[in-house]
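As C-alpha cells, the structure follows; a few thoughts come after it.
Just so it is clear, none of the values below were taken in a lab; they were calculated from the coordinates. All values reported here derive from a predicted model rather than from experimental measurement. So basically every Cβ, Gly included, is an ideal-geometry build from the backbone, and we count neighbours across all protein chains shown.
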Amino acid sequence: MRIDLNGKTALVTGSTQGIGRAIAIALADAGARVAINGRSAEKVDATIAEIAGDSRVLIPAPGDVTTQGGADAVLAATGDIDVLVNNLGIFGAEDPLQISDDEWRRYFEVNVLAAARLIRATLPGMTARGWGRVLNIASDSAIVIPAEMIHYGMSKTALLAVSRGFAKAAAGSGVTVNSVLAGPTHTGGVEDFVYQLVDSSLPWDEAQREFMRLHRPQSLLQRLIEPEEIANMVAYLASPLASATTGAAVRVDGGYVDSIVP
C-alpha cells in the first residue's frame, strides 16, 4: 500500500515535539503540506528547521489553539485544511482528591474544547469539498481510567464522544472523523512522568521496564510505544486508503486495553 497525500494540507496541533512531531513528519513524507503548530513562534521555526528536508513542505502556524484568537491565527496561517490532527494535550499525575475545579476545567479546555473548536471551524470546508480527515489523538486512558490521572482520563473519554458525534455530523460527505487510542508512548514528557512513579536513579531502560511492570502491566507489548508507531496509524487513517473507517476509536495501544473489539 502506498499512502499518498499529495495536494492535501494538514494541520497537526502541538507538533513541535513528541507524537505530534512524529505525525507531522509522517504526513509530510506522504506528500502533504503540513502546518507545524505550537504556542511559540520561535519553537515552531526551530522545529521546521530541524525536520525540514527532502521534499517536505512545512509551514509555520504558531498560536495557542486553546483560545479562540489563537485558533483563528493558526487557521489563517494554514489555509484550507484537508487533514486535521488534534494532537495537543496535557497530562500529569495528581492525587484525585486534590484536583481542583480549575484543574478539571483546564484539562477539559485543552484536551477537549480545543479539538471541538477546530473541528467546528474546519469541518464545513471539508464537507463542501467532499473530502477530509479529522483525527483526534485520544488515549488508552479514555477506557482504562488511571487512578493517578482521573482528570486526564475524563478528558480523553470525552474526546471519543466528540469524535463519534462529529462523524455523524459528517455522515455521507466523504469526510471521516476518528479517534486514535494511543497507548503508553515514549516521549520526553512521558520520561518525566515515568520518573515521578519509579526510582529516579534508575537508568532509562530499567525505569521504563519497572514502570510498565508496576503501572501498566496490562500491556501486551511490554514496552513504551515509539511516537513513529502512532504516526504510522495516523498517516494511514489520514489517507484515501481509510475511506471506510469513520466514527471509530482505533487502537495503537500495544494491547493495553483488555478488549477483543477495537
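Scoring 229-241, 145-157, 213-225 by mean Cβ neighbours within 10 Å over their residues and listing the highest first yields 229-241, 145-157, 213-225.
Which of VAL85, GLN98, VAL110 sits closest to the plus end of the dipole of the chain, meaning its Cα is farthest towards the positive end, when Lys and Arg get +1 and Asp and Glu get -1 on the C-beta? So the residue furthest toward the plus end is VAL85.
Taking amide H as placed 1.01 Å from N in the peptide plane, the amide H of ILE225 sits under 5 Å from that of THR185, HIS186, each at least 5 places away or on another chain. Gain on full extension, evaluated as 0.36 nm per residue between ILE260 and ALA46 minus their Cα-Cα distance, stands at 72.8 nm.
Protection proxy ranking for 55-61, 113-119, using the average of other Cβ atoms within 10 Å per residue and placing the highest first: 113-119, 55-61.
Counting only Cβ charges, +1 for Lys and Arg and -1 for Asp and Glu, the dipole size of segment 101-227 around its Cα centre is about 940 debye. In this simple spin-label model, placing a label point 7 Å from the Cα along the Cα-to-Cβ direction at both THR157 and GLN222 gives a separation of 3.1 nm. Under a model in which nothing but the beta-carbon of Lys, Arg (+1) and Asp, Glu (-1) is charged, the chain shows a dipole of about 1120 debye around its Cα centre. Between PRO240, MET154, SER141, the Cα set farthest toward the positive side of the dipole of segment 140-262 (charges on each charged residue's Cβ, about the Cα centre) is that of PRO240. For segment 174-262, a crude dipole built from +1 on the beta carbon of Lys and Arg and -1 on the beta carbon of Asp and Glu, taken about the Cα centre, is about 340 debye to the nearest 20.
At R0 = 35 Å, how high is the FRET efficiency between ARG129 and ASP192 if r is their beta carbon distance? Nearest 0.05 is fine. Given R0 = 35 Å and the Cβ-Cβ separation, E is 0.30.
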